[in-house]
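Engineer: There's a structure below that I have some questions on.
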Amino acid sequence: ETGVTQTPRHLVMGMTNKKSLKCEQHLGHNAMYWYKQSAKKPLELMFVYSLEERVENNSVPSRFSPECPNSSHLFLHLHTLQPEDSALYLCASSQDRHTSTEAFFGQGTRLTVV
Amino acid sequence: QKEVEQNSGPLSVPEGAIASLNCTYSDRGSQSFFWYRQYSGKSPELIMSIYSNGDKEDGRFTAQLNKASQYVSLLIRDSQPSDSATYLCAVKNGAGNQFYFGTGTSLTVIP
């Protein structure tokens, strides 16, 4: 296993469902990120975890709930989503406090809320 | 909100030409700058990083940084159809713990 791995790759869920997105990184990084990518919009930073502590929460609705049990794993728990939440959800990792380290992205989860 | 701005395009260039992509950013404390390429339906992949003023070359790609003007650019020489993608400019903040992305510039290289 290398890099950043996200599962599932595709997810269709109803507005009353509960699901979770999973991200795992094998790069030895200490920071992990959730981004949302909608059409024609910049990548929107949702959450940042540094050393397993949440350091950023960009006014994300409470129907999105992150969890970072250790530095290699990151989850995004979803419940009672809205159709406008349909997007590509990207996980990334980096080495925190090191300005020269880039973000490495997973393949993304394409989420459709019906 | 720290802003990173790019022309959304689309930018079309003929095969073999030079493609020029531009990006401006608002946070003067930014230390690191990155260009990512994103093919349709795929995740972004890093193609260039630059940290100091001036030019940095890697194969057909040249990144240019001017911190005084808060401007970073990417030149692609001898453009190929396989370069057709969306190019994202990213800026890492001074604390080194957040990335800010532009909306991306869509590039099409015409054979």
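The values are calculated or read from the model by the stated rules, or taken from the named source; none is laboratory data. Values in this document were obtained by computation on a predicted structure and should not be read as measured data. Heads up, the Cβs are rebuilt from the backbone with ideal geometry, glycines too, and the neighbour counts pull from every protein chain shown.
Engineer: So, A:L88, is that one closer than 19 Å to B:T103 by Cα, in a strand (DSSP E or B) and modelled with pLDDT under 90 or not?
Structural biologist: no
Engineer: What number of residues within the range A:26-63 satisfy the criterion of being in contact with a Phe, Trp or Tyr (Cβ under 8 Å, 6 or more places away or on another chain) and over 19 Å from A:V4 (Cβ atoms)?
Structural biologist: 4
Engineer: For the range B:17-52, enumerate the residues that are surrounded by 12 or more Cβ atoms within 10 Å (Cβ to Cβ), over 27 Å from A:G108 (Cα atoms), away from chain A (no Cβ under 11 Å) and not aliphatic (A, V, I, L, M).
Structural biologist: Once the filter is applied, which keeps residues that are surrounded by 12 or more Cβ atoms within 10 Å (Cβ to Cβ), over 27 Å from A:G108 (Cα atoms), away from chain A (no Cβ under 11 Å) and not aliphatic (A, V, I, L, M), the range B:17-52 yields B:S20, B:S26, B:D27.
Engineer: Follow-up. Consider the range B:1-16. How many of its residues are more than 16 Å from B:T108 (Cα to Cα) and either surrounded by fewer than 16 Cβ atoms within 10 Å (Cβ to Cβ) or in contact with a His (Cβ under 8 Å, 6 or more places away or on another chain) (or both)?
Structural biologist: 4
Engineer: Determine if the range A:91-108 includes at least one residue that is under 30 Å from B:G9 (Cα atoms), without any contact (Cβ under 8 Å) to a residue 60 or more places away in the chain and of a type in the set (F, W, Y).
Structural biologist: No, because not a single residue in the range A:91-108 is under 30 Å from B:G9 (Cα atoms), without any contact (Cβ under 8 Å) to a residue 60 or more places away in the chain and of a type in the set (F, W, Y).
Engineer: Out of all the residues in the range A:48-77, which are within 11 Å of another protein chain (Cβ to nearest Cβ) and buried (at least 17 other Cβ atoms within 10 Å of the Cβ)?
Structural biologist: A:V48, A:Y49, A:S50
Engineer: Of all residues in the range A:25-67, how many are polar (S, T, N, Q), assigned to a strand (DSSP E or B) and modelled with pLDDT of 90 or more?
Structural biologist: Within the range A:25-67, residues that are polar (S, T, N, Q), assigned to a strand (DSSP E or B) and modelled with pLDDT of 90 or more number 3.
Engineer: For the range A:79-103: of the residues being surrounded by 21 or more Cβ atoms within 10 Å (Cβ to Cβ) and hydrophobic (A, V, I, L, M, F, W, C), which is farthest from A:H26 (Cα to Cα)?
Structural biologist: Ranking the qualifying residues of the range A:79-103, first place goes to A:L81.
Engineer: Criterion first (farther than 29 Å from B:G94 by Cα, modelled with pLDDT under 95 and surrounded by 13 or more Cβ atoms within 10 Å (Cβ to Cβ)) does A:M15 satisfy it?
Structural biologist: yes
Engineer: Restricting to the range A:7-24, count the residues that are under 16 Å from the mean Cα position of the chain (by Cα) and assigned to a loop (DSSP other than H, G, I, E, B).
Structural biologist: 2
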